[in-house]
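Here's the structure, in structure tokens; my notes come after.
The values are calculated or read from the model by the stated rules, or taken from the named source; none is laboratory data. Bear in mind the structure is a predicted one, so any value in this text is a computation, not a measurement. Cβ placement follows ideal geometry from the backbone for every residue including glycine, while neighbour counts extend to all protein chains displayed. Note: accessible area is taken over every heavy atom of the protein model, side chains too, but ligands, DNA and RNA are not part of it. Shrake-Rupley method; radii C 1.70, N 1.55, O 1.52, S 1.80 Å.
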Amino acid sequence: MSKPARSIETRHHEERDAFFAGLRRMSRRSFLRLAGLSAGLAMAKRLVPPHSFQLVEVAGAAETGKPPFTFAYISDTHLYPARLNDRFVRAILKAVDDVNSLDPPPDFVLFGGDLAQLGQREELDLGHEILKGVKVPVRMMVGEHDWFFDMGEHWRALFGPEQYSFDYKGVHFVTLMSVQEKDFWTERGMTPMQRMQTVAGLDNGLQSRFEVGAAGREWLTKDLEKVDKKTPVGVFSHSPLYKYYRPWNFWTEDADDVQAILRPFEHVTVLHGHTHQLLTNRIDNIYFHGMLSTAWPWPYAPEGLPKLTIQQNRADPFDQFDGCGDGSVELTESGLANALYNLWDRNPVTVRASYLASSGAQDAPPRTKLPSY
Ligand SMILES: [Fe+2]
Ligand SMILES: [Fe+2]
């Protein structure tokens with residue numbers, strides 16, 4: 001007698017169990033391999049701490065045109081201690097494997113913020129340890145989840161200052177701390193954990209909106225004083241440096257003031273984390289690209305979606321990595337960016353500089369079918 005047919009639910013659960021079992025095996029192997037690598041790499045590959053990255057002078061760049069270069073990103077890993085949640089640990093390990101296997105390798109890797117989930121030492125230490133496995137230099141950016149438990153104390157001890165700039169192959173890069181908030185905690189007598197959890201709940205209505213703040217803007221103005229207006233400028237910020245959707249803090253309160261500081265420059269490209277989705281915007285000379293998260297995709301906000309954004313498919317809730325991913329950015333000769341979204345379990349999508357430069361008239365990325373689950 002033949003075996004009774006298995007129901008679709010049974011098959012689904014079996015497949016899922018096999019999938020998770022596979023990931024657990026992969027995770028242990030990857031983790032051990034990375035843990036071994038990180039110690040060896042630090043010596044063998046002269047792995048330098050993020051902020052001692054060497055600047056590279058390109059001789060004769062003005063005559064020959066600036067060579068394009070590529071950097072990769074990993075963002076919004078939201079790590080809990082591994083014993084509480086190893087899914088997000090597996091996701092960052094997958095991203096580290098991805099960027100390490102790029103051929104040719106990227107010039108550096110940008111980490112887009114929200115390394116930790118609740119700013120705990122253990123979470124930040126875990127992320128720090130795993131990122132040592134990246135074979136090229138890592139540029140760090142801070143997110144609100146890294147910051148509001150101890151106001152950045154442990155993050156700074158691990159990674160250095162939260163705002164810094166560097167020049168690389170003819171591009172001036174600036175990393176901003178864009179998730180400052182006005183003090184909502186002192187008056188309410190909140191503990192550090194209550195403060196952190198309030199900020200982590202994006203739509204709880206207690207907190208103020210994110211901002212670069214007066215001191216940050218002053219620092220940015222000063223930093224850019226010495227930069228020629230024709231030099232391409234790359235800006236790394238955790239929140240989008242524009243106003244997308246206020247109730248979820250997909251928002252930078254002083255975005256207008258920050259954009260005014262960037263407006264005199266011919267080409268400005270902003271790479272931001274925090275929104276966990278494929279997101280494209282242009283405001284005058286400033287081109288914006290959101291980064292994917294390795295932990296989870298946010299849905300698109302119900303209003304305020306930038307016109308140039310072509311939405312990624314809604315993620316399949318039965319596929320833990322769907323809508324997540326990492327990516328890389330190719331800086332073209334003009335200093336503008338072709339942004340590659342390496343969506344796990346989906347086709348990759350490239351949002352080309354020419355698409356933004358033509359305000360959407362050319363080289364539109366393929367439209368998705370937006371299936372509903
Ligand atoms: Fe995030
Ligand atoms: Fe964030």
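Could you say which residue among Tyr300, Tyr242, Tyr287 is on the phi < 0 side of the Ramachandran plot and within 16 Å of ligand 1 (Cβ to nearest atom)? First the steps, then the outcome.
Numbers: Tyr242 fails: within 16 Å of ligand 1 (Cβ to nearest atom); Tyr287 fails: within 16 Å of ligand 1 (Cβ to nearest atom).
Of the residues listed, the single one that is on the phi < 0 side of the Ramachandran plot and within 16 Å of ligand 1 (Cβ to nearest atom) is Tyr300.
Looking only at the stretch 103-115, which residues are out of contact with any helix residue (DSSP H, G or I) (no Cβ under 6 Å at 6 or more places or on another chain), within 14 Å of ligand 2 (Cβ to nearest atom) and in a loop (DSSP other than H, G, I, E, B)?
Initial filter on the stretch 103-115 (out of contact with any helix residue (DSSP H, G or I) (no Cβ under 6 Å at 6 or more places or on another chain)): 103-108, 110-113.
Next cut, within 14 Å of ligand 2 (Cβ to nearest atom) only: 111-113.
Correct list: Gly112, Gly113.
Screening His172 with (1) closer than 30 Å to Glu225 by Cα; (2) outside any loop (DSSP other than H, G, I, E, B); (3) touching an Asp or Glu at 6+ places or on another chain (Cβ under 6 Å) gives one miss only, at (3).
Just to check your reading of the model, which residue among Pro317, Pro348 is surrounded by fewer than 21 Cβ atoms within 10 Å (Cβ to Cβ), in the same structural domain as Pro297 (by TED's automatic domain parsing), touching a residue at least 24 places away in the same chain (Cβ under 8 Å) and out of contact with any helix residue (DSSP H, G or I) (no Cβ under 6 Å at 6 or more places or on another chain)?
Working: Pro348 fails: touching a residue at least 24 places away in the same chain (Cβ under 8 Å).
Of Pro317, Pro348, the one residue that is surrounded by fewer than 21 Cβ atoms within 10 Å (Cβ to Cβ), in the same structural domain as Pro297 (by TED's automatic domain parsing), touching a residue at least 24 places away in the same chain (Cβ under 8 Å) and out of contact with any helix residue (DSSP H, G or I) (no Cβ under 6 Å at 6 or more places or on another chain) is Pro317.
Scanning the stretch 116-130 for any residue that is open to solvent by less than 10 Å² (accessible area, probe 1.4 Å), away from ligand 1 (no atom under 16 Å from the Cβ) and not in a loop (DSSP other than H, G, I, E, B) turns up at least one such residue. Does the stretch 193-212 include one or more residues that are buried (at least 21 other Cβ atoms within 10 Å of the Cβ), within 28 Å of Lys229 (Cβ to Cβ) and within 16 Å of ligand 1 (Cβ to nearest atom)? For the stretch 193-212, residues buried (at least 21 other Cβ atoms within 10 Å of the Cβ), within 28 Å of Lys229 (Cβ to Cβ) and within 16 Å of ligand 1 (Cβ to nearest atom): present. Filtering the stretch 268-319 to residues that are hydroxyl-bearing (Ser, Thr, Tyr) and in a strand (DSSP E or B) leaves Thr269, Thr280, Tyr287. For Val142, are the conditions met, namely being more than 16 Å from ligand 2 (Cβ to nearest atom) and closer than 27 Å to Thr70 by Cβ? It is false that Val142 is more than 16 Å from ligand 2 (Cβ to nearest atom) and closer than 27 Å to Thr70 by Cβ. Selection of the stretch 213-255 for residues being open to solvent by less than 60 Å² (accessible area, probe 1.4 Å) and assigned to a loop (DSSP other than H, G, I, E, B) yields Val227, Thr231, Pro232, His238, Ser239, Pro240, Leu241, Tyr242, Asn249, Thr252, Asp254.
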